[in-house]
Each structure stands twice: as structure tokens, then as C-alpha cells.
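Just below is one structure, and these are the notes that go with it.
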Amino acid sequence: MSTMVLAQSAPQPQKPAHDSRSQSGLTAAPTDFGRVDIYGSGQGGEPTPDGVTGKDLGGGHMIEEEAVKTRSTVTRDAIAKMSPTANPYQMIDMLPGVVITSTDNAGLNGGNITIRGFNSDQLGLTIEGMPVNDSGNYALYPQEYVDAENIEQISIAQGSPDLDSPHIGASGGVINIYMRDPSKRRGGFVDFSYGMHNLSREFARAESGQVGDFRGYVSYSHYHANHWVGPGADERQHVDFKGVWEPGQGNRVSLSVIYNDALNNFYANPNLATYSILGDKSAGYNSSLPSSYFVPPAGSPPAAWDRSANQAGLYYKWRINPFRNLIVSAPSTFSLDSNLTYDAIPYFWYGYGNGGGTASPTENAFYYGRYNVGAADWNGNGVITNKDRGVYYNPSITETLRPGLINKLTFQFENHKLTLGYWFEFANHRQTAPYAFLNADGGVVDPFVDSGAIALPGVGTLQRRDTLTQTVTNMGFVGDTWSLLGDALTIESGVKIASIHRSIYNYLPGVTPYVGLNDLAVLPQAGFRYRFFDEHQLFGSVGTSFKSSPNFALSDSVNNGSGVVTPANPLKPEQSVTLELGHRYQGELFATSLSLYGAHYDNQQVSTNAIFPGSTASLSTTINAGAVNLGGVAFEAGTRRIFGGFRPYVSANYLQTRLLNNLSTTATARAGAPVPTVFDFLPTKGKHLPRAPEWTGAIGVDYDDDHIIGNLAAKVVSRQYSTFTNDESIPAYARLDAMIGYRFDDLGLARRPELRVNFHNITNTRALTGQNGVTSNASATRGIYGNVIAGGAPTYYVGQGFSATATFSMGF
């Protein structure tokens, strides 16, 4: 077997003529990006078995972008040196405008992300060109996506979606994830990670190598870790596959398959008062049930027995997140002639799982929709009273089947590149919430409730929620990229027209059985990029975007203890206009990007998490914040290799947001009023948007001399408001991560074995890192008309302290 050892001395910095991973124009389809085969077609020299070239700017946190808008990219040079447990949010944390929050350093519990103040459900995310946001409420679940070893790069457009981005809920920017291509060399790659809190992870990938016109790989990983606070554990099994068929003449067909099967325990999200008392412990649930759950009160006749008393609902075995999902995408390119190309991305998304939770209705008032199930001795103490409460497993289950097809024709005509495209999707989103009895010891019988749901003769399965959302999306787009002055000037323009039809069927008894919604949006955009003196670029763009109402706002909900109906409340579509103007410098030694941006949003939808009435299950809800203005400055800079192997990177983002309206709400009427509650307005005009820190900054440095490897990464986030009245916030915080390791020469069949240790939060910073649930106001507030508006406590993510993970990897 032949081997190759890279040069021991660092080469002099050399600016590549063109970075194939950054193309001006459309970005939704992976065919619009160049590819880097990690086994031999990188930017000069052979990358390591895990894809590190040692050449990318800023240690892999920057490439030479050419877009007409602000865009940032992280590559394998950075991803491969992170802990293999990292999720996509953590991979892009250093980029300008990005703020991530998570309760675990390993990333398996997901967390949240904002970019320029906009929440994850306002961002679009694609994998291999297909959309993966929840088709109902647009939520993202980063712990379910591609294994870190199989991600080639992640690109973000911070301001607005691209012309062909397949999203109906992305009023902010977009995140595009691209899987690595299969190697042309037969072999594989393995790594093993072990860390604190009994963390263990194993990964293996087998490569077919080039077989005729085909090459492919399949990988498997298994992950387990105990929670760092309180009881509970996270378990994940994952399979990735990618195959590429290239018959020649510019034709290419690829197939990507991602399967994920996980069962996690949740961490708790405390309010500020609870965190101030318990500190880190507030992120953990209870390890056992109280005795009052098992032993009824003494006395004759028996006293009322409330099995949910004494915080029984905080039992960790009920706070679970079982989920399975399958993502299939086939991005393909066909060269019809020398000037005409057809791109197609057929895809399918399947998901099935829930977020756990219990319900505790009283025995004489148990409602299935508006139907009172009737009195029953649910807790078995021989008495039926309005104070007796049983406890039932009652998860909110979602099953999604989501096929779609993206088509794009690109015609090169002289110095114009004309694009015509069409996207179609039909999403079926089934959401139920059956009740199920628990085991005698309080354990969950079946996390998925595939069997064991409570059913009554003539009534059927008892449900807290029972809906079907069908969403049909049709979007057409047309665009032109005009190259002038020898490609020094590029002008892009285009428009897309999106038609969304939602049908919501509600099968609960006594509620509105059907609600339909039709949205039509015309979304133009334009931009330019001008290159001068070879190393400088000016760029600017204007983009429009929108977000259709989430499905949960379109169906009635019912309190299972009273039968009171909360009617559907369709939200107006969120619409936005974003402007950007910037400069890039791309020299032999370093590159920079500076951009000014501003945006105006109407009907800005701010999502939050609450508890479903009569349950401990989490409920997504949205607050219409009215009109919002925002603006700021973004900057990033990275070097090539300097001083023998160092590659520094720095980014910063300054953001100002302003609410332009007072928030309508209900209030307690003043004394003497004829009704107890009235409408009023919170004084929110001129306040800052929640979850939108004014300052964020990151600085890092990577070292790699082909044997000794290491890096440091520091992130600072300023104060974040948690309410629309800005009467509660969390203070600024900072954290520092590090990595050190050694890459060996080939050892027999082992190609470039590597041993490294990733250190997370090495200063052991203890802080609330972000908001899980924002509220209108934390304290009782007097409204514009003088009425008292009750407050609600925001909830938070508690950041983990210090942890470390050791990883051994090698190719073969």
C-alpha cells in the first residue's frame, strides 16, 4: 500500500485563483457549490482522512465568498477538529450574528439558535438542498441531522433566503448543510470518543471507492451520555448513506439517506426565580416520584387523592423525547447541452416522535374535546371527587410524511445566466396526544404509545390533541445573473411567487372541524457584486421574505379539565425587506468581510414555549410583535497559515432592534368596570426585541503543523432581553473552548491516526445562555389604558460547565 506524508514545514500562504465552494448566485441546490473530495481534490495537497486541508481561512471558519449578499461558511478544516458529538448549531457558533443556546456541551439535546435576533423557526435550513424545518411550526431539531464526520460544509446567509430556497417559514436567513462526497479511494474511517458523564460514541464509515461511474459510502454511529445535572441520559443511533453516479458530460445523480433513532431525557428550563435559588440544579428533573403518588391519604372516608401533588410532574422518566426520522434527498444535475442545465432535487422526509409529558385531569371532569368522558375512579381509591387526580402519560405525538420536488433550468446566454425553477411539496402532518396508563412503578409503558392508549367503547382513543395538517406548496422562481466587465461586475435579479394552502382537520369532538388557509406571496430580490483591484469586492442586495402562519394557530384547543375551547387564531403572514451593503478583501495572507444591514418586518412572529393547559407537555405558541426595525454591522476576518501553522479568525456583530407597536393583550379591568377582563396594550413601542443581543463576538486560533494540532475559541454574548417590555433579561456571558491533539504518520493499515481532546467551557462559566420561552412581560404592568396586565415568567437554558471529550480516529 502506498503512503503519503505531508511536508513538515508550513508552505507559504498562497491565494487560490478561485474557491469552487463559493459561487455567485443561487445557493439552495448543492450543485451551485463546488465540491471538495476529502481524499484528494482539495486545494492543493492531500487532505487528512477526516478532510482537513490545513489551508482554509481562519482554520476553516471562512472561505472566499462571491455572493451578492452577506454569507459565511464553515468547512471541514474546522468541523473535523470539533468534538464528533457536535450538532450543526455548534459548528457555526463562531460566525457573525449567530447565537446558540444549549443545555449540554455535547449537543445531543438540541438547543436553539438565533441569527441577527431571529429565532430558529424564522430561519430556513436545508440538507443537500431539501428543506428540513418542521412543516407545521418551522422548528428545527439539529440533533437529528447528519453526523459531523459526514458534513463537508455549512453555509449561512444571515439576511434573507436565496431565490430558490425552498421555504415558507424563513423570514430571516438560511442555513445550508452539505454532506461530503464519497471518496474515489476504497477504504473507510472510524473514530471513538469518550468523555465525562459516561459519554461514549462510536462511528464507522465504509467507502466503496470508484466502481465504474459510481462511488458511495455508508456510516453508522452510536452515542450515549448521562446528563450532567440530575438523572437522565441521551441515546442516539444514526445511519448516513451517500452515493454518486457520474456518467460523464456534466451529468451527475446523487442520493443521500439519513436515518436517526433517539431517546433523550429533557433538561429542565427554569425561570429566573428558580435559577437564582437552585443554580445549576434547576436544569435537572426529579430522580424519583413523591410518596404521595403511591400512597393515598389516610382516613375514612378516604380523603381526596391527587397523585400529581408534590411536583410529581417533574419526574425525569416522564420528560422524554423519543424520535425517529428519515431524510432522503437526490440532488442531481443533467447537462442538456453546452448552455442548458437541469437540476432536480426530489426528496422525502419522514418523522415520528413526541416530547413526553403527563396529564392530571380531575376524576369528575375529564374532557375529550368538548365531550365530558364522565366520572370514573381513575386513581383507584374508591372515591370520585373533583379533587381526585390521576396521572397519565400524555405525549404530543407528531408523524410527518413530506415528499417534494425542486426543479431548476439554467440557461447560459452570452453573459447572462437565466434561471427558471419550480418547487412543489405536499406535507402531511398528523398530531395526536393520546392518554395512556403508567406502570405500577410510575414508568412509561411505551414511549411512542404505539399500544396501550386509553380507549372507551363508543368513544375511541381519548386524545388531548387530534389534528391533521396538509400543506400544499407551489413556488415558481425566475432569475438572471448578468456578468459584465470581464466578470468584474455581477448583477443578479429575480422574483419568486409562492402559493401555500393549508388544510387543518381537527378531530376532537365539539370543535371547529376544518380551517383552511391560503397565502400568496410575491418576493422580488436583486443584488450586485463588483470586484476591483482583484482583491476587493463591493456587494449589495435587497431581499424580501415571508413566513406563513404556523399550523398550531389554525386549530382549536381544549382544556381537558374544563372543556373550555381556545379558538383558532390564524396569524397574518410575517413579511420582511432586508438591505445589505458590504466590502470584502481577499488577499494572499488574509480575508475580511464587512457588511451593513437593515431590515423591516411586519407581523413579526416570535415563537415561545409554554405548557399545555391541564398537562406537563410543552406547547409551541407565537406572539405577534407587530412591526420591527433592525439594523447593524457584521464583520469577520481570517488568515491563511502564518508563523508555521497558525490560522486566526475573528467575527463580530452589532445589532439594534426596535419594536414599532404596542402589544395588544388582555388585562384585569380597573375597579368598577362592568367586566373583569378587557383588552389593553402593553407599552412595548421602542423596546428591544427579545433574544437579540446588541453585541456578539468570537475570536479563535487554529494550529496545525500536520502533527501537532490545537485550537482556542472564545465567544462573547451581551445582555439578552426575555420579554417584550424589556423588564427581564439575562446578563452577558462568555465561554472558552479548546482542543489539543496529535496526528501520527501512517501506521500499517491505519492512515493518519489522530488523538485529540476537546475541552468545553474551560473557564467553567455558569450562566443562563438563552431563552426557552419568552413572555410579553415578566412583572405586572399597567397598560396604555391604565389596566393591570399580569406578568408571566420567561424560562431559560442553563449552560453546562466544564467538560472534556477524548477522540481517537483513523482512516483505512
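Tell me yes or no: at least one residue of segment 89-100 is surrounded by fewer than 24 Cβ atoms within 10 Å (Cβ to Cβ), touching a residue at least 24 places away in the same chain (Cβ under 8 Å) and either of a type in the set (Ser, Thr, Tyr) or in contact with an Asp or Glu (Cβ under 8 Å, 6 or more places away or on another chain) (or both). Checked against the condition, which is being surrounded by fewer than 24 Cβ atoms within 10 Å (Cβ to Cβ), touching a residue at least 24 places away in the same chain (Cβ under 8 Å) and either of a type in the set (Ser, Thr, Tyr) or in contact with an Asp or Glu (Cβ under 8 Å, 6 or more places away or on another chain) (or both), segment 89-100 yields no hits at all. Among the conditions (1) of a type outside the set (S, T, N, Q); (2) touching a Ser or Thr at 6+ places or on another chain (Cβ under 6 Å); (3) open to solvent by 50 Å² or more (accessible area, probe 1.4 Å), PRO270 misses just one, which is (3). Taking (1) under 30 Å from VAL472 (Cβ atoms); (2) open to solvent by less than 50 Å² (accessible area, probe 1.4 Å); (3) among the basic types (Lys, Arg) in turn, ARG584 satisfies each apart from (1).
Here TYR285 meets each of (1) surrounded by fewer than 16 Cβ atoms within 10 Å (Cβ to Cβ); (2) in contact with a Lys or Arg (Cβ under 8 Å, 6 or more places away or on another chain) with one exception, condition (1).
Counting only strands (runs of 3 or more DSSP E) wholly contained in segment 730-798, the ones carrying 2 or more residues that are within 30 Å of SER664 (Cα to Cα) occupy 768-773, 795-798. Per the conditions (1) in contact with an Asp or Glu (Cβ under 9 Å, 6 or more places away or on another chain); (2) of a type in the set (D, E, K, R); (3) open to solvent by less than 10 Å² (accessible area, probe 1.4 Å), the sole criterion not satisfied by ASP134 is (3).
Just give me the residues in segment 516-536 being surrounded by 13 or more Cβ atoms within 10 Å (Cβ to Cβ) and farther than 26 Å from GLY169 by Cβ, in sequence order. The answer is PHE528, ARG529, TYR530, ARG531, GLU535, HIS536. Applying the criterion of at least 1 residues that are out of contact with any Cys (no Cβ under 8 Å at 6 or more places or on another chain) and at pLDDT 95 or above to the strands (runs of 3 or more DSSP E) found wholly in segment 564-650 leaves 574-586, 590-602, 628-639. All conditions but one from (1) more than 30 Å from GLY801 (Cα to Cα); (2) in contact with an Asp or Glu (Cβ under 7 Å, 6 or more places away or on another chain) apply to ALA262; the one that does not is (1).
In segment 763-786, the residues that are open to solvent by 20 Å² or more (accessible area, probe 1.4 Å) reach residues that are acidic (Asp, Glu) and assigned to a strand (DSSP E or B) with C-beta atoms within less than 7 angstrom, at least six apart or across chains, in these pairs: ILE784/ASP680; TYR785/ASP680. Considering (1) within 23 Å of ALA262 (Cβ to Cβ); (2) at pLDDT 95 or above, say which one GLY107 fails and leave the rest. Exception for GLY107: condition (2). Within the bounds of segment 55-70, is there any residue that is crowded, with 24+ Cβ neighbours inside 10 Å and among the polar types (S, T, N, Q)? Within segment 55-70, one or more residues are crowded, with 24+ Cβ neighbours inside 10 Å and among the polar types (S, T, N, Q).
Listed by first and then second residue, the pairs with beta-carbon distance under 7 Å, at least 6 apart or on different chains, first residue in segment 217-236 and under 14 Å from TYR194 (Cβ atoms), second modelled with pLDDT under 95 and part of a loop (DSSP other than H, G, I, E, B), are TYR223/LEU108; ALA225/ALA106; ALA225/LEU108. Take ASN551 and decide whether it is over 30 Å from ALA376 (Cα atoms) and open to solvent by 10 Å² or more (accessible area, probe 1.4 Å). It is false that ASN551 is over 30 Å from ALA376 (Cα atoms) and open to solvent by 10 Å² or more (accessible area, probe 1.4 Å). In segment 730-751, of all residues being of a type outside the set (Ser, Thr, Tyr) and within 21 Å of THR85 (Cα to Cα), the one that is most open to solvent (accessible area, probe 1.4 Å) corresponds to ILE740. When restricted to residues that are over 25 Å from LEU401 (Cα atoms) and touching a Ser or Thr at 6+ places or on another chain (Cβ under 8 Å), segment 115-161 contains 13.
Here PHE539 meets the list (1) closer than 27 Å to LEU655 by Cα; (2) of a type outside the set (Asp, Glu); (3) open to solvent by 60 Å² or more (accessible area, probe 1.4 Å) almost entirely, failing just condition (3).
Figure legend. Inter-residue proximity from segment 681-692: first residues more than 7 Å from LEU659 (Cβ to Cβ) and outside any loop (DSSP other than H, G, I, E, B), second residues of a type outside the set (S, T, N, Q) and open to solvent by 40 Å² or more (accessible area, probe 1.4 Å), beta-carbon distance below 9 Å, spacing 6+ or different chains. Indicated pairs: PHE681/ILE784; PHE681/TYR785; LEU682/ILE784. Just checking, does segment 710-731 include any residue being of a type in the set (Ser, Thr, Tyr) and under 19 Å from GLY644 (Cα atoms)? Among the residues of segment 710-731, not one is of a type in the set (Ser, Thr, Tyr) and under 19 Å from GLY644 (Cα atoms), which makes the answer no.
The single residue among GLY390, GLY369 that is over 24 Å from the mean Cα position of the chain (by Cα) and on the phi > 0 side of the Ramachandran plot turns out to be GLY369. Against the definition (open to solvent by less than 10 Å² (accessible area, probe 1.4 Å), within 27 Å of LEU581 (Cα to Cα), among the polar types (S, T, N, Q) and part of a strand (DSSP E or B)), how does SER165 come out, yes or no? No.
Of all residues in segment 355-372, exactly one satisfies the criterion of being open to solvent by 20 Å² or more (accessible area, probe 1.4 Å), closer than 19 Å to ASP556 by Cα and either without any contact (Cβ under 8 Å) to a residue 12 or more places away in the chain or not in a strand (DSSP E or B) (or both), namely ARG370.
Collect the residues in segment 168-186 that are of a type in the set (Gly, Ala, Ser) and open to solvent by 10 Å² or more (accessible area, probe 1.4 Å), keeping them in residue-number order.
Selection gives nothing.
Scanning segment 302-313 for residues that are open to solvent by 40 Å² or more (accessible area, probe 1.4 Å) and among the aliphatic types (A, V, I, L, M) yields ALA303, ALA304.
Among the residues of segment 554-573, just one is surrounded by fewer than 17 Cβ atoms within 10 Å (Cβ to Cβ) and closer than 30 Å to GLY527 by Cα, namely LYS572.
Looking only at segment 704-728, which residues are among the hydroxyl-bearing types (Ser, Thr, Tyr) and crowded, with 20+ Cβ neighbours inside 10 Å? Once the filter is applied, which keeps residues that are among the hydroxyl-bearing types (Ser, Thr, Tyr) and crowded, with 20+ Cβ neighbours inside 10 Å, segment 704-728 yields TYR721, SER722, THR723, THR725.
Number of residues in segment 314-331 that are surrounded by fewer than 20 Cβ atoms within 10 Å (Cβ to Cβ), outside any loop (DSSP other than H, G, I, E, B) and either of a type in the set (S, T, N, Q) or more than 20 Å from the chain's Cα centre (by Cα) (or both) equals 2.
The values are calculated or read from the model by the stated rules, or taken from the named source; none is laboratory data. Treat the numbers as computed from the prediction; the structure is a model and nothing was measured. Don't worry about glycine lacking a Cβ; one is built from the backbone with ideal geometry, like all the others, and counts go over all protein chains shown. Remember, those area values only see protein heavy atoms, side chains included, never the ligands or the DNA or RNA. Shrake-Rupley method; radii C 1.70, N 1.55, O 1.52, S 1.80 Å.
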